[in-house]
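Asks: Take this structure, written in C-alpha cells, and hold onto it; I'll ask about it next.
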Amino acid sequence: MGMLAFFSVLGTAGNAMVLYVYVRKRHKLAATVFIISLAATDFMTCLVIVPYTIAVEYLDYFITYDIICKLYMFFITSNVPFAAFIMVAIAVDRYLCICHPFCHLMNAQRAKNITLSLAGVAFLLGVVTSLNYSVYIITDINDCNPDKTPLVQNLSESILLNASSLTSSKSTKKIFQMEQMSHVLKSEASYPYKKCLYSKVEYSGKCQPSETIFSSSFVNTYQNLYAALFLLAFIAVFILYGLVYRSVLIRRAKRRRQRRSTQTVSVRKESWFSEHHRPSLTNIFSKKCSDAHERHPDVEIARQLTIREKGLVANIRTAAMLFVVTAVFIVAFLPAWLMAHTVIQYHMVVFYTYFSYNVANPIIYAFMNKAFRRDLREVFDCKSVLRELN
C-alpha cells in the first residue's frame with residue numbers, strides 16, 4: 001500500500017506536468033498526440049485506479065456492491081491494453097517518419113482518429129472483463145438421495161417379471177404398458193441426479209470471477225485472446241523498432257561513404273588545379289563575383305540537406321525516447337503478465353510494480369527530451385516571475 005501510494009502521488013504530479021507542457025503546444029505532430037494520450041492514461045491511472053486498487057486490496061476484494069466490483073475490473077483491464085495499443089501506434093509513427101519520411105501518411109488528425117479507435121477497442125475489452133466479475137456466484141445445489149436407486153431398480157425388475165408371466169393375447173396391451181414403465185424406471189435409476197441437481201445464484205460479497213453472465217468456456221477463450229493481444233503488440237513493437245534501427249544504420253553507412261567520396265574528389269580537384277593553373281591575385285578578385293553566383297545553388301542545396309538531416313536527427317531522438325518508454329512498459333508489465341497466467345509464482349509486491357510504468361514516463365521525458373525540459377523550465381520561470389510581480 002505504501003508503494004502504491006508513492007506511485008499515485010508521484011505519477012499524478014509528473015503526468016500533470018507532461019499534459020500541461022504538451023497540450024500548450026500549438027503545432028502538434030502525430031507523436032505529440034500519442035504522448036498526450038499516453039500521459040492522460042497515466043494521469044487517470046495514478047489519480048483514480050491506483051487509489052482504487054489500494055482500497056480493494058485493503059478490503060481483500062470483499063466489496064459490498066456489484067457495480068463497484070465491475071467498475072474496478074473495467075478500469076484495471078482497459079487502461080493496460082490501451083497503453084499497449086498506443087505503444088504500437090507510436091512505433092508505427094516512428095517507423096513511417098524515419099524509414100519513409102516522404103510518404104506523410106501520419107499526421108495529427110489521423111493520430112487522433114487512431115487513438116479514438118484504440119480507446120474503443122480497449123473499452124470493449126474492459127466491458128467484457130467487468131461482466132466476468134461479480135460479488136454473486138453460482139453454486140450447485142444437490143438435493144438428491146442416491147439410496148433410492150436400488151429400490152427403483154428392484155421395482156423395474158419385478159415389473160418385467162410380472163409382464164413375462166402374462167402370456168394371453170388379451171394381456172398384450174398390458175404387457176406393453178408394463179415394459180414402458182420398466183424402461184422409464186430404468187432411466188430414472190441410471191440418472192438419479194438429473195432432477196435433484198440445480199444451480200443457484202448466491203451473494204458472496206467478494207469481487208471474483210463469476211459465471212452469472214458468461215460461461216467458463218467463453219471466459220477461457222477470451223482470456224487466451226486477451227493474452228495474445230499483448231503478445232502480438234510486443235512482437236509488433238520489437239519488429240518496428242528493429243526496422244527503424246536497421247534504417248538508421250543503413251543511412252549512417254551511406255553518409256560515411258558519401259563523405260569519403262566527396263573528400264577524395266575534392267583532393268583530386270585541388271591537386272589537378274594546383275598543377276595546371278596558377279592564377280594571379282587579380283584573376284582571383286575578378287572571378288570573385290562569378291564564383292559567388294556559382295556557389296549560391298550549392299549553398300542552398302547544402303542548407304536544405306542540413307535542415308533535412310536535422311529533422312531526421314530529431315525524429316531519431318524522439319524514436320529513441322519512445323523506445324525507452326516502450327521498453328520500460330514491457331519490463332514493468334511482464335512479471336504481472338506471467339503471474340496472471342501462472343507461469344511464475346504470484347507475489348503481490350512484484351505484481352503491482354507494473355504501476356511503476358505510469359510513473360516512469362515523465363522521468364524519461366525529462367532526461368531524454370531537451371524541448372520538454374526547456375518548456376518545463378519556462379513554465380516554472382513564468383510562475384516565479386508572476387509571484388514576484390504580485
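The values are calculated or read from the model by the stated rules, or taken from the named source; none is laboratory data. Only a predicted model underlies this, so the values are computations on that prediction, with no experimental measurement involved. As a convention, Cβ positions derive from the backbone with ideal geometry for all residues, glycine included, and neighbour counts pool all protein chains shown. Protein only, heavy atoms only, side chains kept; ligands, DNA and RNA dropped before computing areas. Shrake-Rupley method; radii C 1.70, N 1.55, O 1.52, S 1.80 Å.
Asks: Condition first: touching a helix residue (DSSP H, G or I) at 6+ places or on another chain (Cβ under 7 Å) and either outside any helix (DSSP H, G or I) or open to solvent by less than 40 Å² (accessible area, probe 1.4 Å) (or both). Now tell me which residues in segment 325-350 satisfy that.
Replies: Once the filter is applied, which keeps residues that are touching a helix residue (DSSP H, G or I) at 6+ places or on another chain (Cβ under 7 Å) and either outside any helix (DSSP H, G or I) or open to solvent by less than 40 Å² (accessible area, probe 1.4 Å) (or both), segment 325-350 yields V325, T326, F329, I330, A332, F333, P335, A336, M339, H341, I344, Y346.
Asks: May I pose another question? Taking segment 98-110 only, how many residues are in a loop (DSSP other than H, G, I, E, B), open to solvent by less than 50 Å² (accessible area, probe 1.4 Å) and among the hydrophobic types (A, V, I, L, M, F, W, C)?
Replies: Of the residues in segment 98-110, 1 are in a loop (DSSP other than H, G, I, E, B), open to solvent by less than 50 Å² (accessible area, probe 1.4 Å) and among the hydrophobic types (A, V, I, L, M, F, W, C).
Asks: Same structure, new question: Please work out which one of (1) open to solvent by 40 Å² or more (accessible area, probe 1.4 Å); (2) small (G, A, S); (3) within 30 Å of Y245 (Cα to Cα) is the condition A55 fails and give its number.
Replies: Condition not satisfied by A55: (3).
Asks: Give the residues of segment 1-29 that are in a helix (DSSP H, G or I), surrounded by fewer than 17 Cβ atoms within 10 Å (Cβ to Cβ) and of a type outside the set (A, V, I, L, M), sorted by residue number.
Replies: G2, F6, Y20
Asks: Could you please give the count of residues in segment 355-374 that are surrounded by fewer than 16 Cβ atoms within 10 Å (Cβ to Cβ) and either under 17 Å from I86 (Cβ atoms) or of a type in the set (G, A, S) (or both)? Even if it seems obvious, please write down each step before you answer.
Replies: To start, the set of residues in segment 355-374 that are surrounded by fewer than 16 Cβ atoms within 10 Å (Cβ to Cβ) comprises 363, 366-367, 370-371, 373-374.
Next cut, either under 17 Å from I86 (Cβ atoms) or of a type in the set (G, A, S) (or both) only: 366, 371.
The total comes to 2.
Asks: Let me ask something additional. Looking at (1) under 22 Å from K28 (Cα atoms); (2) buried (at least 21 other Cβ atoms within 10 Å of the Cβ); (3) among the hydrophobic types (A, V, I, L, M, F, W, C), which is the one condition that is false for C69?
Replies: With (1) under 22 Å from K28 (Cα atoms); (2) buried (at least 21 other Cβ atoms within 10 Å of the Cβ); (3) among the hydrophobic types (A, V, I, L, M, F, W, C) applied to C69, the lone miss is (1).
Asks: Being modelled with pLDDT under 90, open to solvent by 40 Å² or more (accessible area, probe 1.4 Å) and either over 23 Å from V21 (Cα atoms) or in a helix (DSSP H, G or I) (or both) narrows it down to one of T32, T77, T64, so name that one.
Replies: Result: T64 is the single residue among T32, T77, T64 that is modelled with pLDDT under 90, open to solvent by 40 Å² or more (accessible area, probe 1.4 Å) and either over 23 Å from V21 (Cα atoms) or in a helix (DSSP H, G or I) (or both).
Asks: Now for a separate question. Working only within segment 111-136, note down all residues that are outside any helix (DSSP H, G or I) and open to solvent by 20 Å² or more (accessible area, probe 1.4 Å).
Replies: Matches in segment 111-136: Y133, Y136.
Asks: Do you know which residues across segment 351-379 are part of a helix (DSSP H, G or I), of a type in the set (S, T, N, Q) and modelled with pLDDT under 80?
Replies: Scanning segment 351-379 gives no hits.
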